[in-house]
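Here the structure is laid out as structure tokens; the discussion comes afterwards.
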Amino acid sequence: MKTVFFTGHREIKNYRETIQKLMTTLKKLILDGATDFYAGGAIGWDMICEEAVIALRENLAPHIKLHLVLPCPPEEQTARWASFDREVYRKILDAADSVEVLSEHYTKDCMKKRNARLAELGGICVCYFDENRRRSGTAQTVRMAERLGRDILNMK
């Protein structure tokens, strides 16, 4: 059984090309035996990947599963989000096969704990990582994955 996790930036350049590359990559991973996909529920890349997994589950591979690993309760994670993003998030939560909440409240290190948990659970990292942004949470998560010997597939 292969497991996959996602990490990436909020802003996506070359959106259509990137999404096409993501979908091609996910289909190949599913054909190669990936069944469980882990994501952290953040705006941007996480939501794009979560929606992609849901769409693939509905249209191609009903056996795959989406697991959310959240840094804190949904109402705290989304407190400052736009209403549109909160609505998308709620739909993703409803469609997820499992939800793990790592902290009872938002803390200064709950995002880092979420990132470490994702790297622990996923054998393959599908990321959107701009290597010029070495001080980001995405960079931190990619480094965690590298230290754990995970395969890194960068969609950037």
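Would the stretch 71-90 turn up any residue that is surrounded by fewer than 16 Cβ atoms within 10 Å (Cβ to Cβ), hydroxyl-bearing (Ser, Thr, Tyr) and touching a residue at least 12 places away in the same chain (Cβ under 8 Å)? For the stretch 71-90, residues surrounded by fewer than 16 Cβ atoms within 10 Å (Cβ to Cβ), hydroxyl-bearing (Ser, Thr, Tyr) and touching a residue at least 12 places away in the same chain (Cβ under 8 Å): absent. VAL4 satisfies every condition listed in (1) β-branched (Val, Ile, Thr); (2) open to solvent by 20 Å² or more (accessible area, probe 1.4 Å); (3) under 13 Å from GLY123 (Cα atoms) except (2).
Only residues that are at pLDDT below 95 and surrounded by 13 or more Cβ atoms within 10 Å (Cβ to Cβ): list them for the stretch 127-155, please.
Listed by number, the residues that qualify are ASP130, SER136, GLY137.
If you go through the stretch 96-111 and keep only what is open to solvent by 30 Å² or more (accessible area, probe 1.4 Å) and in a helix (DSSP H, G or I), you end up with just MET111.
Note on the stretch 8-51: among residues that are of a type outside the set (S, T, N, Q), open to solvent by 90 Å² or more (accessible area, probe 1.4 Å) and in a loop (DSSP other than H, G, I, E, B), the one that is nearest to HIS67 (Cα to Cα) is ARG10. Hey, could you check the stretch 116-139 for residues that are under 16 Å from PHE37 (Cα atoms), outside any helix (DSSP H, G or I) and small (Gly, Ala, Ser) and say which is farthest from the chain's Cα centre (by Cα)? If we take residues in the stretch 116-139 being under 16 Å from PHE37 (Cα atoms), outside any helix (DSSP H, G or I) and small (Gly, Ala, Ser), then GLY123 is farthest from the chain's Cα centre (by Cα).
The values are calculated or read from the model by the stated rules, or taken from the named source; none is laboratory data. These figures come from a predicted structure and were not determined experimentally. Note that each Cβ is placed from the backbone with ideal geometry, even for glycine, and that neighbours are counted across all protein chains shown. What goes into the accessible areas is simple: the full protein's heavy atoms, side chains included, and nothing from ligands, DNA or RNA. Shrake-Rupley method; radii C 1.70, N 1.55, O 1.52, S 1.80 Å.
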